[in-house]
Ligand code: GLN
């Protein structure tokens, strides 16, 4: 059914003070505006250090941005205290977007540049290792294909939002950590240009149920409205237990920005 203005969404923003290093707050703004433009009543719940589990559990969708190793060390202790609640939400299909440092936390562990091991939440089948300060960081614009056969078997999660005209994602990456995904997650996409998870296996990000991990800052959502709307749709369908179609928006500007990066990186699509 076409959603109508009686619908509402509560979006939980995890650690906004410490984990929004590379413009990731733009993703929150995008989700908020794309709901408001459709008359969906949307509220952003800031979940900073020490937040209550009940505040987390009340959310219909979650977002967490990236950070440098130092902030990750500070957040890790608090986040691990919330492991059970967050794991239950992810396993129950609460939609979420976890960027870079946040993505790394979802795996088994993150080995920082100085060798410190931060235990992960062990929800996603992956691990991340930073080879050290004197090894190049993976930095630059990135284009990811959503329909390359490099994706793992469970490509259906990706097909739900990639269409023939919008079968890519563009973003900007800046990470030292190299992430290696296991069999229990689907790669988010295949790197057409850039580094992705580790600069080697051509995978970028990971999908597990309705949770998406990615290295794409930028922020990722403004230039990829097909993916932003997919997250909103997932959240509405889970909350209201019915299929939803979102009202079309004029995304000419958004796709102009998307295609600009593709042309700038000379990627043929
Ligand atoms: N500190 C982590 C790394 O260097 C994550 C960086 C980020 O969130 N952009 O890999």
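Observations
- Multiplying the residue separation of residue 248 and residue 184 by 0.36 nm and removing their Cα-Cα distance gives an extension gain of 19.7 nm.
- Relative contact order of region 45-154, pairs being alpha-carbon contacts under 8 Å that are 6 or more residues apart, as %: 21 percent
- Mean residue ellipticity (222 nm) of the chain, computed from DSSP H runs ≥ 4 via -39,500 (n - 2.57), nearest 500: -8500 deg cm²/dmol
- Legend: translational diffusion of region 9-64 by Stokes-Einstein, Rh = Kirkwood radius over C-alpha pairs, 10 °C, 1.306 mPa s; D = 138 µm²/s.
- Cubic angstrom per residue, convex hull over Cα atoms of region 9-130: 91 Å³
- Antiparallel content of DSSP bridges confined to the chain, in %, to 5: 55 percent
- Shown here are the Rg and Dmax of the Cα trace of the chain, at 17.3, 54 Å.
- The protection proxy used here, the mean number of other Cβ atoms lying within 10 Å of each residue, ranks peptides 16-22, 70-76, 52-58 as follows, highest first: 16-22, 70-76, 52-58.
Here, each number is a calculation from the coordinates, and none is a lab measurement. Bear in mind that the values here come from a model prediction, so they are computed numbers and not experimental data. All Cβ positions, glycine included, derive from the backbone under ideal geometry; neighbour counts span all protein chains shown.
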